[in-house]
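*Asks:* Take this structure, written in structure tokens, and hold onto it; I'll ask about it next.
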Amino acid sequence: MSATHEVVNQVPPLVDHDASDYPPILEALEREGAHAGLDELHRVGQLVGSEEAQRWGDLAEAHPPVLRTHDRYGNRIDEVEYDPAYHRLMATAVEMGLHGAPWADPSPHAHLIRAAKMTVWGQVDAGHGCPISMTYAVVPALRHNSALAARYEPLLTARAYDPELAPPLTKTGLIAGMSMTEKQGGSDVRAGTTRAVPQSDGSHLLTGHKWFTSAPMSDVFLVLAQAPGGLSCFFLPRILPDGTRNRMHLQRLKDKLGNHSNASSEVEYDEAVAWLVGEEGRGVPTIIEMVNMTRLDCTIGTATGMRVGTAQAAHHAAHRSAFGAHLVDQPLMRNVLADLAVESEASTTVALWLAALTDRATAGDDRSVALRRIALAVSKYFVCKRGPIHAAEALECLGGNGYVEESRMPRLYREAPLLSVWEGSGNVAALDTLRAMAKQPESLQVFFDELDTAAGADARLDRAVADLKTSFGDIETLQHRARRVVGDMALALQGSLLVRYGHPAVADAFCVSRLSGDWGSVFGTLPPGVDTASIIARATPKVGS
């Protein structure tokens, strides 16, 4: 049978490239002096750019986890079955040290290097990044109980993935989760009704229903519950030291918009054994250590999605022709691609800057602690809020091909809203910025001091910073204006970083668009005169490299 048509003008798959070869990532490591991480970063990038690793992500997405509450004989087992590809992803991420490993790394750049690898590896699959992120984030919170930290931290930082159900201290490595929200409270975790009853041996018995517990097959969890002294944080293992299963029952898995490779569940604790972390009644301040680290990963994850969307759009435009020319040579498409690339660079730059700030904060630098507290809340709000808009525009660059699952763009589109919701939706994140300023008034001055280091470098940035300072004059309406003010803070911070450290064409495009009074949310509205060629070149993957 003869062929009826010849396939032409279709874009080759984006494989066989180094996904870490992205200037904002490499420049961040060079700028901070983290040269020791470059070789490993490129190894991660080459794996990510391979067809094999991308296939792992496809399989984990196509075969979501399945809940098995009972075995064939009727015994309660509460297990989640994953596709083997999911375990490949998890094992690789742990071996790369993307989980708790930075806390055991003496390098002054451990968190920055981890963030750089995370934003590259995250391009393969977003779902498994949830337990990886929670394992990273649990360590500083667990340190509120020095005895527990001494026993479990070495296993939370070990580069060994062991998915078997077994007593935690008998395993070669551990994965951690957290169990905070309840159906009646959501972000208002203080409204939780899960009870914690103290026992004579120092443990507590937890009883209650948690509405969202991601990665319920994790080995250990931090759980919020009401103790006699108020809302408290507890450390709860799935398997008890004697080998019996803790009374943690998985009621169902959530049927989610995206994040399909990751299991999110409702959990019933029926006198489950747990141990207090931190002071009784201080559950939120204790677990906020974990929340802050996962908020960092929300920012990193959104920047990752923007990078993927921009790379796919630029790759498509470089190979697809329409109306007599490649798409990348069409003026309006160039405007859209450059605008997407500017957003991606700005988000990646601030995310990695926050990771470097984390290195300095954990080393004991007080200024970095205060600056990180407010800059993280600001960036989590704004970057994650921009993610869905960016994903939609990137998908549109591929036209109908982008709407088809095989392009992976629908997956990107479904993932984008999650990071704005997780660890505090837009209102929560914006109000948390105001809360940070109220509790630590010096943090706002430290934030402005950081912006002022770029004073005089760009008149458009100077005007934006001056207007921002003025916006704090009306305290009475500040909560009502929180989204506008926090968004302006985020733009000023990104602009400051790009003016100081970014490519001149990117910094110029950012300032002339994002810091002008008529900027809207529509991509592709950069004014004439912007060096779109240089901007697009930085975002286009180098296939075969």
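The values are calculated or read from the model by the stated rules, or taken from the named source; none is laboratory data. In this text, all values refer to a predicted model and were calculated from it rather than measured experimentally. Please note: Cβ atoms are built from the backbone with ideal geometry, for glycine as well, and neighbour counts cover all protein chains shown.
*Asks:* Kindly indicate whether LEU497 is in a helix (DSSP H, G or I), on the phi < 0 side of the Ramachandran plot, assigned by TED's automatic domain parsing to the domain that holds ALA356 and in contact (Cβ under 8 Å) with a residue 24 or more places away in the chain.
*Replies:* Spelling it out, LEU497 is indeed in a helix (DSSP H, G or I), on the phi < 0 side of the Ramachandran plot, assigned by TED's automatic domain parsing to the domain that holds ALA356 and in contact (Cβ under 8 Å) with a residue 24 or more places away in the chain.
*Asks:* Exactly one of (1) charged (D, E, K, R); (2) within 22 Å of GLY33 (Cβ to Cβ); (3) surrounded by fewer than 22 Cβ atoms within 10 Å (Cβ to Cβ) is unmet by GLU406. Its number?
*Replies:* With respect to (1) charged (D, E, K, R); (2) within 22 Å of GLY33 (Cβ to Cβ); (3) surrounded by fewer than 22 Cβ atoms within 10 Å (Cβ to Cβ), GLU406 is out only on (2).
*Asks:* Also: When you check TYR403 against the structure, is it more than 21 Å from THR181 (Cα to Cα) and hydroxyl-bearing (Ser, Thr, Tyr), yes or no? Steps first, answer last, please.
*Replies:* Details: more than 21 Å from THR181 (Cα to Cα): yes; hydroxyl-bearing (Ser, Thr, Tyr): yes.
Criteria met by TYR403.
*Asks:* Counting only residues that are without any contact (Cβ under 8 Å) to a residue 12 or more places away in the chain and of a type in the set (Ser, Thr, Tyr), how many does the stretch 174-232 have?
*Replies:* 1
*Asks:* Still on this model: Quick one: which helices (runs of 4 or more DSSP H) lie wholly within the stretch 359-466 and hold at least 1 residues that are of a type in the set (A, V, I, L, M, F, W, C), in the same structural domain as ARG500 (by TED's automatic domain parsing) and within 16 Å of GLY305 (Cα to Cα)?
*Replies:* 366-397, 409-415, 418-421
*Asks:* Among the residues of the stretch 267-294 satisfying the criterion of being under 30 Å from HIS63 (Cβ atoms) and within 22 Å of the chain's Cα centre (by Cα), which is surrounded by the fewest Cβ atoms within 10 Å (Cβ to Cβ)?
*Replies:* THR294
*Asks:* Here's something else I'd like to know. Looking at the stretch 327-368, which of the residues that are under 18 Å from GLY33 (Cα atoms) and of a type in the set (Val, Ile, Thr) is surrounded by the most Cβ atoms within 10 Å (Cβ to Cβ)?
*Replies:* The extreme case among them is THR348.
*Asks:* State the number of residues belonging to the stretch 222-267 that are more than 23 Å from ASP125 (Cα to Cα), out of contact with any Phe, Trp or Tyr (no Cβ under 7 Å at 6 or more places or on another chain), of a type outside the set (D, E, K, R) and part of a strand (DSSP E or B).
*Replies:* So the answer is 13.
*Asks:* Name the residue, out of VAL94, VAL44, VAL15, VAL11, that is touching a helix residue (DSSP H, G or I) at 6+ places or on another chain (Cβ under 6 Å), crowded, with 17+ Cβ neighbours inside 10 Å and β-branched (Val, Ile, Thr).
*Replies:* Details: VAL94 fails: touching a helix residue (DSSP H, G or I) at 6+ places or on another chain (Cβ under 6 Å); VAL15 fails: crowded, with 17+ Cβ neighbours inside 10 Å; VAL11 fails: crowded, with 17+ Cβ neighbours inside 10 Å.
Answer to the check: VAL44.
*Asks:* Residue by residue through the stretch 297-326, note down the ones that are among the hydrophobic types (A, V, I, L, M, F, W, C) and either surrounded by fewer than 23 Cβ atoms within 10 Å (Cβ to Cβ) or modelled with pLDDT under 95 (or both).
*Replies:* Of everything in the stretch 297-326, those that are among the hydrophobic types (A, V, I, L, M, F, W, C) and either surrounded by fewer than 23 Cβ atoms within 10 Å (Cβ to Cβ) or modelled with pLDDT under 95 (or both) turn out to be ALA311, ALA318, ALA322, PHE323, ALA325.
*Asks:* Looking only at the stretch 500-521, filter to residues that are buried (at least 16 other Cβ atoms within 10 Å of the Cβ) and in a loop (DSSP other than H, G, I, E, B); which one of those is nearest to the chain's Cα centre (by Cα)?
*Replies:* Ranking the candidates gives GLY502 first.
*Asks:* Can you list the strands (runs of 3 or more DSSP E) found entirely within the stretch 62-179 that contain at least 1 residues being more than 20 Å from ASN292 (Cα to Cα) and out of contact with any Gly (no Cβ under 9 Å at 6 or more places or on another chain)?
*Replies:* The strands (runs of 3 or more DSSP E) meeting that bar are 66-70, 76-81.
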